[in-house]
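Chemist: My questions will all concern the structure given below.
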Amino acid sequence: MTEEAKDRRPRQSQGGVGPEKPGRREGSQSEPDLADTEPMQPVEPAPEGKSLSSGSRSVHYPSDPLSSRRSAASGAGPIPPPQRPGYRAPQPSDKTSEEASPEAESRRDWGSLALKVGFGVVASLVIGFFLLVAASVVGYVALADRLPSPADLQTHQTAFVSSKIYDREGRLLYEVMDPHGGRRTYVPLDEISPHVINATIATEDREYWLHPGFDPIALGRAIYYVLTEHEIVSGASTIPQQLARMVLLPEERFDQTASRKIKEIVLAAELTRVYSKQTILEIYLNELNYGNQAYGIQAAAETYFGADAADLTLSQASFLAGLPQLPATYDPFGGGLERALSRQEDVLGLMVEDGYISADAAQQAAAEMASYTFRAPNGDIDQAPHFVVYVRRMVEERYGPEALYRGAGLRIYTTLDPKMQAEAEKAVREGVASLAERNVSNGALVAVHPGTGHILAMVGSADFNDESIDGQVNVALRCRQPGSSIKPLTYVASFENGWTPATLFWDVRTEFPDGANPPYVPLNYDREFHGPVLLRDALANSYNVPAVEALQYVGVEGLLGIASRLGIASLSHPEEGCPEYPHDQPPSYGLALTLGGGEVKLLEMTGAFAAFANEGVLMEPSPILRIEDSRGNVLVDNEKPSGRQALSPEHAYLITHVLADDEARCAEFACPSVLELSRPAAAKTGTTDDYRDAWTVGYTPGLATGVWVGNSDNAPMTEVPGAAGAGPIWHAFMEAALESRPAQDFPRPSGIVEHEICADSGARPTEHCPERVSEVFARGQPPLDRSHDWYQMVEVDQLTGLRADEFCQDHVVQRLMLDIAEERGREWVQTHPEQFGGLPLAPLETCSDAGERPQVSISRPTEGETVRGVVEVLGTVRIPRFQRYEAQYGVGLDPQGWGWISGPHLAQVQDGLLTRWDTEHLAPGPYTLRIRAFNDEQHAVEARVLVRVPAPAPTATPWPTLTPTEEPAPTVTTTPPTSPLATSTPSSP
């Protein structure tokens, strides 16, 4: 090849890989065709062992092929083959071609055909590759010509517009604009702290100094996700790409399309060709939105730290470098400080990974920022400030931080009801003020429409501008302990596992196992126990022992699962949903979770209760009604959102029916209470043990509202429970918000049925049940049958006091008894007999031929024996679980009363002396002697014998010898001894 031909080879332009514009690109001519050139002159062979070199490559020049052919034709000797490695000279054949076999000829034909096909395939691939490259170059050039010129970058970089936020009635709430535009200062790269540059590159584009404007590896990954997920799920945007999108493609920055991505890549490559990397980085750092209307690094340094960009420390620079990703989410003035600090740790980790700083320096920088106190600028949002900030954050998270401030601007129509918002702010403000003497300084309220999930009102604090209570922090979005307000979730999980509103609990002191820890013994709010309660009363009165028993039944995972289905994500994963949560893993919850041992957001809890009101359908709470661009094109339409069935309509109705039962809660709450409205309403309160949080969450069919009161610094209140703290605020808001709306009852699903139950046991009643009520049930989950009612006629063996069976049929009686098997219940009955009309407990044990039989017998005196004086009573007393025996007597064969002989005797006797009976004072006649033995449950076994007491014999008196005289015979009068008085016979227990 001539030197001229070599000079025509295409050369890349400096600073990039993109093609030159027409007329400016070098090396655009193609190589000349050999047919159009002069024949090459033979080149003298180089000396042996020598070669002509070009750079580091050796180039060997062969002899002229035409002269070689001429030499061969003239009979000159053959030109020796090239001596390349692995070359083997062809071996002479033993046979001429005429002598070749047909098989060999056929093989040569197939081999030749395969060689030709292979050559054709390779040639096609090569041609296709070059055609593809040519098409790509042509397409690149054509697309680059149609896109904005990279030279316009500096003229477009300061264009700002405003977006507007409206309430649901179309009234302007807030215009999102750039109040710092007038004081924005453009700073050159050499006046920006190196820490900012390093932190930004490590975070946004680690290969910034190496790539040609886009990252091919990241781009390939993004293409893979597009092909597999059918949407753009990975940005793969470098700093030049981000800058091109922000400044040169303002109308398309929100489009998640491959077309926009291709344009972005082309512009990034062109920017890198036109501008130096230093210039691109300088413009980028002056364009970024750092939140709180701070555009550019200088405005950010002034807004957050009151410093110049050149003086930013590693701690400050790494903090700022993390903000542009989601400025509203990481806003340290608006409740995002914990998130921002976590984001800073990520930035510092990337800087360590890329070798910019050491691990010790990163740790020191994080600690320095954690101790820094941020001073919020004066707020300028007059209406619904927490709601407006929340909307701004939602739009940023969905469309990016530039959506509100650049391009054509957005018109954001929200779900806010201005009347309800005003009533909410008033209720919170006045309610918190009324509790000031009880150390209450803050409150929050969220109101949601159950059928759509639209947030109708949001109050994040008692005063947005009060720094003493961290007023700009939206407590409705912070994680707090909910107290007992979470119990409905536990009980609805138990409904899904077969329980009903008539399930019986024993609210008594109960030790629940807690692994290696001591047993967990929950106490009720009133520090008392209430004995037998049905689920309806347990939930309505917020008793703790039944709630813990319910959680033990469904399991902690069961409660977390139902919470997640109802939209309470922060409970299962506080490490993701609660910025202030200090750990990377979720906690290991115990049974106290059902009493509020976890943390949830007020907005999430209100949304879950709204699902109860909406027949189990969860509508995710949202502040957005619709979003339009400046031309009226609808980008988001949320006026009629769709939800998902989180619970069955029947189970949601059962919870609602219980929470709306004003009479059921009277045992623990004053009746009437603040939870009662002038219309059907369901509500639940919650209080933490140390009075740091007080909740009330309740709903009607058309409105769900959650209220929290407490202190932002987590200081305890002075004995303020949920009903007394949040309850009045909830009541005042609900009555005002619904004043002009007609009352509605909760619709009853077709799968709900009613059954009569015994009010005490919760089972279908026997004829002996003293009180019956009607209860609601899900079809297919009826109450327990009559055999589970307490009030039963029980067959009892008189001899043993045990439940009669086939082994004891001789002394069986039927008695009305309390048939309760639960040990905790039997203990409660024994200590509170007045609650059960004095009815005895039915025995649990039955007679058995294998069991010990009671022995109570009298061997002396025998049946019908005549006794006199002091009688020794002999016999046996041996019964299971012996407690005592007594000796008694009565007049006649069937005494109406019994006289005491002796007892109680505390020792059993086997064929020995039972007692001594003095009969001297008894009148003659028949008497029944009874020995009665008792076990530890006061069941009695007795033995009787009938004896006779004779009249005393007359004594003869000698007469003196006198003269006989006629006199009447004396009349002898016998005074019988006193008989025993009749005494009442005690009834068998």
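The values are calculated or read from the model by the stated rules, or taken from the named source; none is laboratory data. Everything numeric here is computed off the predicted structure, so don't read it as measured data. We place every Cβ from the backbone using ideal geometry, glycine too, and count neighbours over all the protein chains shown. For the accessible areas, the whole protein counts, side chains as well, though only heavy atoms, and no ligand, DNA or RNA atoms are used. Shrake-Rupley method; radii C 1.70, N 1.55, O 1.52, S 1.80 Å.
Chemist: Does Thr373 qualify as being in contact (Cβ under 8 Å) with a residue 24 or more places away in the chain, among the hydroxyl-bearing types (Ser, Thr, Tyr) and surrounded by fewer than 24 Cβ atoms within 10 Å (Cβ to Cβ)?
Modeler: no
Chemist: Moving on to the next point. Considering only segment 306-344, state which residues are basic (Lys, Arg) and either assigned to a loop (DSSP other than H, G, I, E, B) or surrounded by fewer than 20 Cβ atoms within 10 Å (Cβ to Cβ) (or both).
Modeler: Going through segment 306-344, the residues basic (Lys, Arg) turn out to be 339, 343.
Once the filter is applied, which keeps residues that are basic (Lys, Arg) and either assigned to a loop (DSSP other than H, G, I, E, B) or surrounded by fewer than 20 Cβ atoms within 10 Å (Cβ to Cβ) (or both), segment 306-344 yields only Arg339.
Chemist: Consider Val891 against the criteria (1) closer than 21 Å to Val796 by Cβ; (2) open to solvent by 50 Å² or more (accessible area, probe 1.4 Å): it satisfies all of them except one. Which criterion is unmet?
Modeler: Unmet condition: (1).
Chemist: Is it the case that some residue within segment 590-603 is crowded, with 24+ Cβ neighbours inside 10 Å, at pLDDT 90 or above and assigned to a strand (DSSP E or B)?
Modeler: Looking through segment 590-603, at least one residue is crowded, with 24+ Cβ neighbours inside 10 Å, at pLDDT 90 or above and assigned to a strand (DSSP E or B).
Chemist: Now for a separate question. Give the residues of segment 291-305 that are surrounded by fewer than 24 Cβ atoms within 10 Å (Cβ to Cβ) and at pLDDT 90 or above, sorted by residue number.
Modeler: Phe305, the sole residue that qualifies.
Chemist: Residues in segment 421-440: is at least one open to solvent by less than 60 Å² (accessible area, probe 1.4 Å), within 30 Å of Leu635 (Cβ to Cβ) and outside any helix (DSSP H, G or I)?
Modeler: So far as segment 421-440 goes, no, none of its residues is open to solvent by less than 60 Å² (accessible area, probe 1.4 Å), within 30 Å of Leu635 (Cβ to Cβ) and outside any helix (DSSP H, G or I).
Chemist: Within the bounds of segment 535-552, is there any residue that is open to solvent by 60 Å² or more (accessible area, probe 1.4 Å), touching a strand residue (DSSP E or B) at 6+ places or on another chain (Cβ under 9 Å) and within 30 Å of Ala763 (Cβ to Cβ)? Write out each step before concluding.
Modeler: To start, the set of residues in segment 535-552 that are open to solvent by 60 Å² or more (accessible area, probe 1.4 Å) comprises 552.
Applying the additional criterion that residues be touching a strand residue (DSSP E or B) at 6+ places or on another chain (Cβ under 9 Å) yields 552.
Next, from what is left, pick out any that are within 30 Å of Ala763 (Cβ to Cβ): 552.
Yes, the conditions are met somewhere in segment 535-552.
Chemist: In segment 724-772, which residues are open to solvent by 40 Å² or more (accessible area, probe 1.4 Å) and within 30 Å of Leu816 (Cα to Cα)?
Modeler: Glu754, His755, Glu756, Asp760, Arg764, Glu767, His768, Pro770, Glu771, Arg772
Chemist: Residues of segment 870-888 being at positive phi and open to solvent by less than 10 Å² (accessible area, probe 1.4 Å), which ones?
Modeler: If the condition is that a residue be at positive phi and open to solvent by less than 10 Å² (accessible area, probe 1.4 Å), then Gly875 is the only one that fits.
Chemist: Checking Pro833 against (1) in contact (Cβ under 8 Å) with a residue 24 or more places away in the chain; (2) surrounded by fewer than 17 Cβ atoms within 10 Å (Cβ to Cβ); (3) within 24 Å of Leu802 (Cβ to Cβ), only one condition comes out false. Which one?
Modeler: Pro833 satisfies every listed condition except (1).
Chemist: For segment 471-548, which fully contained strands (runs of 3 or more DSSP E) count at least 1 residues that are β-branched (Val, Ile, Thr) and in contact (Cβ under 8 Å) with a residue 12 or more places away in the chain? Break it down stepwise before answering.
Modeler: Numbers: elements: 504-507, 512-514, 517-520, 531-534.
Strands (runs of 3 or more DSSP E) meeting the threshold: 531-534.
Chemist: Continuing with this model, one more query. Output yes when any residue across segment 468-477 is among the small types (Gly, Ala, Ser), farther than 23 Å from Ser570 by Cβ and open to solvent by 10 Å² or more (accessible area, probe 1.4 Å), and no when none is. Steps first, please.
Modeler: To start, the set of residues in segment 468-477 that are among the small types (Gly, Ala, Ser) comprises 468, 471, 476.
When the remaining residues are screened for being farther than 23 Å from Ser570 by Cβ, the result is 468.
Next, only the ones that are open to solvent by 10 Å² or more (accessible area, probe 1.4 Å) stay: 468.
Yes: one or more hits.
Chemist: While we're on this one: Quick check on my filter: what residues within segment 783-796 are open to solvent by less than 30 Å² (accessible area, probe 1.4 Å) and either aliphatic (A, V, I, L, M) or touching a strand residue (DSSP E or B) at 6+ places or on another chain (Cβ under 6 Å) (or both)? Even if it seems obvious, please write down each step before you answer.
Modeler: First, the residues of segment 783-796 that are open to solvent by less than 30 Å² (accessible area, probe 1.4 Å): 783, 789-791, 794, 796.
Pro783, Asp789, Trp790, Val794, Val796 - these are the residues of segment 783-796 that are open to solvent by less than 30 Å² (accessible area, probe 1.4 Å) and either aliphatic (A, V, I, L, M) or touching a strand residue (DSSP E or B) at 6+ places or on another chain (Cβ under 6 Å) (or both).
Chemist: I'd like to know if segment 701-723 contains one or more residues that are under 28 Å from Gly531 (Cβ atoms), out of contact with any strand residue (DSSP E or B) (no Cβ under 7 Å at 6 or more places or on another chain), in contact (Cβ under 8 Å) with a residue 60 or more places away in the chain and open to solvent by 40 Å² or more (accessible area, probe 1.4 Å). Before you say what the answer is, go through the steps one by one.
Modeler: Within segment 701-723, the subset under 28 Å from Gly531 (Cβ atoms) is 719, 721-723.
Imposing the further condition that a residue be out of contact with any strand residue (DSSP E or B) (no Cβ under 7 Å at 6 or more places or on another chain) reduces the set to 719.
Then keep just the ones that are in contact (Cβ under 8 Å) with a residue 60 or more places away in the chain; that gives 719.
Those left that are additionally open to solvent by 40 Å² or more (accessible area, probe 1.4 Å): 719.
Checked segment 701-723: at least one residue is under 28 Å from Gly531 (Cβ atoms), out of contact with any strand residue (DSSP E or B) (no Cβ under 7 Å at 6 or more places or on another chain), in contact (Cβ under 8 Å) with a residue 60 or more places away in the chain and open to solvent by 40 Å² or more (accessible area, probe 1.4 Å).
Chemist: Report, by residue number, each residue of segment 836-882 that is closer than 14 Å to His939 by Cα, part of a loop (DSSP other than H, G, I, E, B), out of contact with any helix residue (DSSP H, G or I) (no Cβ under 9 Å at 6 or more places or on another chain) and among the hydrophobic types (A, V, I, L, M, F, W, C).
Modeler: Ala842, Cys847, Ile879
Chemist: Given the criteria open to solvent by less than 30 Å² (accessible area, probe 1.4 Å) and of a type outside the set (Asp, Glu), does Gly780 qualify?
Modeler: Values: open to solvent by less than 30 Å² (accessible area, probe 1.4 Å): no; of a type outside the set (Asp, Glu): yes.
Taking the combined requirement at face value, the residue does not satisfy it.
Chemist: Still on this model: Just for segment 643-674: of the residues that are under 19 Å from Asn497 (Cβ atoms) and of a type in the set (Gly, Ala, Ser), which one is surrounded by the fewest Cβ atoms within 10 Å (Cβ to Cβ)?
Modeler: Ser648
Chemist: Inspect segment 222-245 for any residue being of a type in the set (S, T, N, Q), modelled with pLDDT of 60 or more, within 26 Å of Gln344 (Cβ to Cβ) and in a loop (DSSP other than H, G, I, E, B) and give the result as yes or no.
Modeler: There is at least one residue in segment 222-245 that is of a type in the set (S, T, N, Q), modelled with pLDDT of 60 or more, within 26 Å of Gln344 (Cβ to Cβ) and in a loop (DSSP other than H, G, I, E, B).
Chemist: Name the residue, out of Glu823, Glu756, that is closer than 24 Å to Pro546 by Cβ and at pLDDT below 95.
Modeler: Details: Glu756 fails: at pLDDT below 95.
Result of the check over Glu823, Glu756: Glu823.
Chemist: Suppose we filter segment 530-561 for residues that are farther than 26 Å from Ser572 by Cα and within 21 Å of the chain's Cα centre (by Cα); how many remain? Break it down into steps so the answer makes sense when it comes.
Modeler: So the first thing to find is which residues in segment 530-561 are farther than 26 Å from Ser572 by Cα, and the list is 530-534, 536-537, 541.
Subset that is within 21 Å of the chain's Cα centre (by Cα): none.
The number of residues fulfilling the criteria is 0.
Chemist: Find all pairs meeting these conditions: Cβ atoms under 8 angstrom apart; at least six residues apart or on different chains; first residue within segment 636-648 and in a loop (DSSP other than H, G, I, E, B) and modelled with pLDDT of 95 or more; second residue surrounded by 14 or more Cβ atoms within 10 Å (Cβ to Cβ) and small (Gly, Ala, Ser).
Modeler: Ala646/Gly567; Ala646/Ala611; Ala646/Gly616; Leu647/Ala611; Leu647/Gly616; Ser648/Gly616; Ser648/Gly751; Ser648/Ala778
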